[in-house]
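Notes follow once the structure below has been shown.
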Amino acid sequence: MAATVTTSLVTATEHDPDRCESEEETRGAEAEDSGQQQQTGPVTVSHSRLSKLPLARIKALMKTDPDVSLASQESVFIIAKATELFVEMIAKDALVYAQQGKRKTLQRKDLDNAIEAIDEFAFLEGTLD
C-alpha cells in the first residue's frame, strides 16, 4: 500500500527577527518534513514501541491457555493494547472515588466502588475477594 502526501512547503530562508527558534523546534520541523516524503512499499511497524506492556510477557500469558498454541505478533499487540486501555479506564474511574475521599492514592475500596458503580465492570464483581 503506497501513501501519497502532498504538502505546501514554506521556505526556511525567510527569517523573522521577532521569532527565535530553538534547536528542538528546528529539528522537529526537519523531522516532520522528512517524514512527509512519499513512501512506497510495505510499511513495517514495530509494535513493541506502541505498547507500554511487555509483549513477550503478554505472549507467555496467552500461551498458558491450553486452547492457544500459536499467537501472532498482531494478536499479542492487540491484546496488550486492549489491556492498557482497560487498566487506564478502570484506574480513571477508581480515581474519581479516591478524589471524593480527598486522597491521591488509589485503594482497593476505590476499585471496588468503581466495579460496583459501572455496569461495564460487572464481570469483575467478586474477583478481588
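In the stretch 50-76, the residues that are without any contact (Cβ under 8 Å) to a residue 60 or more places away in the chain form Cβ pairs under 7 Å with partners that are open to solvent by 80 Å² or more (accessible area, probe 1.4 Å) and in a helix (DSSP H, G or I), at six or more places apart or across chains, as follows: Ala71/Lys63.
How many residues does the stretch 29-61 contain that are surrounded by 12 or more Cβ atoms within 10 Å (Cβ to Cβ) and modelled with pLDDT of 90 or more? Total meeting the criteria: 6. Against the conditions (1) in a loop (DSSP other than H, G, I, E, B); (2) modelled with pLDDT under 50, Thr105 satisfies every one except (2). When the stretch 88-125 is filtered for residues that are touching a residue at least 24 places away in the same chain (Cβ under 8 Å) and aromatic (Phe, Trp, Tyr), only Phe121 remains.
Filtering the stretch 62-97 to residues that are open to solvent by 60 Å² or more (accessible area, probe 1.4 Å) and β-branched (Val, Ile, Thr) leaves Thr64, Ile78, Ile79, Val87, Val96.
The values are calculated or read from the model by the stated rules, or taken from the named source; none is laboratory data. Here the structure is a predicted model, which is why all the values come from computation and not from measurement. Positions of Cβ are generated from backbone atoms using ideal geometry, with glycine treated the same way; all protein chains shown enter the neighbour counts. Accessible surface areas use protein heavy atoms only, side chains included; no ligands, DNA or RNA. Shrake-Rupley method; radii C 1.70, N 1.55, O 1.52, S 1.80 Å.
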